[in-house]
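The values are calculated or read from the model by the stated rules, or taken from the named source; none is laboratory data. What you see is a predicted model, and the numbers here were worked out from it, not measured in a lab. Quick reminder, even Gly has a Cβ in these numbers, built from the backbone with ideal geometry, and neighbours come from all protein chains shown.
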């Protein structure tokens, strides 16, 4: 018997996706869209939300999601909830990105707003969902187009610009009034000669 023992260790595979671009044109573009939201409940009673995502770009995607629920029963909100792991979606494929929720979450209806991310690409959509009472899957709900994330910085920038223009206008009006008062006090009729 050998004094050396061979221990068996579990094997796991780890992979890293690399896009190598040689020559002109750069890397192929990536793009995707969220087409529907589906509420479901598994055998243990845990609710899930599946976002159906279509890969419309020219390379595979690693998708993750963040979900917020609002306008629930009694006006309550819940979240944010995040997907446990990234879902890989091939070119031209459609598949779900799944977010697991809390077992104690009421059925709804809820306004579900989901943000799906792949690298630097980000899409946000929303829809009204209700979770099944028991095990099963509700009918898919088409998404309502939410306000894109980039609208908010533009809106804030325009608001700041508008406030700056208003303050500048008031400052000029005040300066003109002060100039008019200064000119009015230098009336030659009021100046006494020695």
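Checking residue 35 against (1) under 19 Å from the mean Cα position of the chain (by Cα); (2) without any contact (Cβ under 8 Å) to a residue 60 or more places away in the chain: exactly one of these is not met. Which one?
Answer for residue 35: the failing condition is (2).
Within the bounds of region 102-109, is there any residue that is in a strand (DSSP E or B), in the same structural domain as residue 138 (by TED's automatic domain parsing) and more than 14 Å from residue 124 (Cβ to Cβ)?
no
Please indicate, with yes or no, whether at least one residue in region 5-24 is surrounded by 10 or more Cβ atoms within 10 Å (Cβ to Cβ), at pLDDT below 70 and at negative phi.
Yes.
Return yes when residue 72 is over 17 Å from the mean Cα position of the chain (by Cα), crowded, with 16+ Cβ neighbours inside 10 Å and in contact (Cβ under 8 Å) with a residue 40 or more places away in the chain and no when it is not.
No: the conditions fail for residue 72.
Find the residue count for region 111-167, including only residues that are modelled with pLDDT of 85 or more, crowded, with 17+ Cβ neighbours inside 10 Å and under 17 Å from the mean Cα position of the chain (by Cα).
Of the residues in that region, 13 qualify.
Kindly indicate which of 84, 179 is in a helix (DSSP H, G or I), modelled with pLDDT under 85 and either out of contact with any strand residue (DSSP E or B) (no Cβ under 9 Å at 6 or more places or on another chain) or closer than 27 Å to residue 72 by Cα (or both).
Just a single option satisfies the conditions, and that option is 179.
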